[in-house]
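Where a number appears in this text, it was derived from the coordinates with a stated rule and is not lab data. From a predicted model like this one, the values you see are computed outputs, not experimental measurements. Using ideal geometry, Cβ is built from the backbone for each residue, glycine included, and neighbour counts are taken over all protein chains shown.
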Amino acid sequence: MPPSSDVCAVLTAAGSGSRLGCELPKALVSLSGRPLLWWAARGLRAGGVGTIVVTAPASCIAEFRAAIDGLGDVLVVAGSDRSRQASVALGLAALGDRGADTVVLVHDAARPLTPPQVTARVIDAVRAGAGAVIPVLPVSDTLKTVDASGLVTGTPRRADLAAVQTPQGFRWDVLMRAHEAGASLGADEAVAATDDAGLVEAIGVAVHTVAGDERSLKVTRPLDLALARLLAGQEQAD
Ligand code: CTP
Ligand code: MG
C-alpha cells in the first residue's frame with residue numbers, strides 16, 4: 001500500500017514502560033537491532049499512512065527523532081506524562097490543519113509488529129463510511145469482573161467479548177469531537193480512556209470492527225518482549 005496524503009496517524013510512545021522494567025523508555029527498546037518505535041512507524045507507512053506524529057517523553061525528543069530517521073514524514077512531539085489519552089490529544093494538536101478531512105489512525109508504539117494488512121483494513125473501513133473502526137480478536141481466556149476486595153462480581157459471556165488492538169481509525173471530525181468531550185471529563189491516568197474508541201462510544205458514535213492479528217501483540221511485560229523478539233527474528237529470516 002503506497003502512503004496516502006489523506007491518511008495520518010498519531011503514534012503514541014510517551015509512556016515509560018514501567019511494567020516492562022527496562023532502563024530505556026519502552027519505545028526505544030530494541031527488537032532485532034531496531035527500536036520498537038521504528039518497527040511501529042515502518043509498519044504504519046507500509047499500511048498506507050502518510051504523515052505520522054510520534055508522541056515522545058518530553059526529555060527524549062532527540063533520541064526519538066534519531067530512532068525514526070529515514071522513515072520520511074514523521075514528526076516527533078512531546079506527549080504527556082499524565083495519560084495516554086492526554087498524549088494522543090497533544091499528537092492531534094500537532095497535526096493541526098494537516099489532519100483536517102483525513103482518515104486519522106491512533107497506534108501504539110508498543111505494538112511494533114502489526115501487519116500492514118491490519119492497518120489497510122482499518123483505513124478501508126473508514127473510507128467506506130465508518131466514523132470509527134477498531135481491529136479485534138476473539139478472547140481465549142474467560143474474563144470476570146472482580147471488586148476491590150477480590151470477590152468475583154460477574155462473568156460476561158466470552159462470545160460477547162473481543163480483545164482490542166491498534167491502529168484504531170477515525171474520521172478526523174469524529175476523533176476531534178470525542179477527544180474534546182473526553183478532555184472535559186479529565187485526562188489524568190485515573191479517569192482517562194485506555195483507548196480512543198472508548199471516547200467515541202461515549203459521544204454516541206457507532207464503532208465498527210475489523211479483524212485484528214495475533215502478531216499485533218502489545219509489548220507490555222517481559223514475556224511479550226521475548227515473543228516479539230522471536231517473531232521479529234523470524235520476519236527478518238523470511
Ligand atoms: N503512552 C503515551 N503517553 C502516556 C502513556 C502511554 O503516549 N502518558 C503510550 C505508550 O508509549 C504506549 C501506549 O501509550 O505506546 C500504550 O501504553 P502502555 O502499553 O501502557 O505503555 P506504557 O505506559 O509505556 O507502559 P506502562 O503502563 O507499563 O508504564
Ligand atoms: Mg501505561
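The alpha carbon gyration tensor of segment 1-134 gives principal lengths a ≥ b ≥ c with a/c of 1.5 or higher and a/b greater than b/c, which makes the shape prolate.
Note on the chain: Rg/Rh from C-alpha atoms, Kirkwood Rh, equals 0.95. Residues Arg45, Arg111, Arg19 in ascending order of nearby Cβ atoms (within 10 Å, fewest first): Arg19, Arg45, Arg111.
Distance from the alpha carbon centroid of segment 190-228 to that of segment 70-87 works out to 17 angstrom. Here the Gaussian network model covers the chain, with springs between Cα atoms less than 10 Å apart; of Ala56, Ala120, Ala159, Ala159 fluctuates the most.
The stretch between Asp141 and Glu180 holds 10.6 nm of extra length on full extension. This uses 0.36 nm per residue minus the Cα-Cα distance. In order along segment 22-29, the Karplus-derived 3J(HN,Hα) couplings, from 6.51 cos²θ - 1.76 cosθ + 1.60 at θ = phi - 60°, round to 8, 5, 6, x, 3, 5, 9, 5 Hz, and Gly and Pro are given as x.
When +1 charges are put on Lys and Arg Cβ atoms and -1 charges on Asp and Glu Cβ atoms, the dipole computed for the chain relative to its Cα centre reaches about 340 debye.
Highest GNM mean-square fluctuation, the chain, Cα pairs closer than 10 Å: which of Val210, Val106, Val191? Of Val210, Val106, Val191, the Gaussian network model singles out Val191 as fluctuating most. Residues whose amide H comes within less than 5 Å of that of Val210, counting only those at least five positions distant or on another chain, are Ile134, Val136 (H built at 1.01 Å from N in the peptide plane). Going from the residue with the fewest nearby Cβ atoms within 10 Å to the one with the most, Phe170, Phe64 rank Phe64, Phe170. Summary value for the chain: 23 percent relative contact order, contacts being C-alpha pairs under 8 angstrom separated by 6+ residues.
The trypsin sites (Lys or Arg not before Pro) found in segment 144-238 that occupy coil by DSSP, while having at most 13 further C-beta atoms within 10 Å, are Lys144, Arg157.
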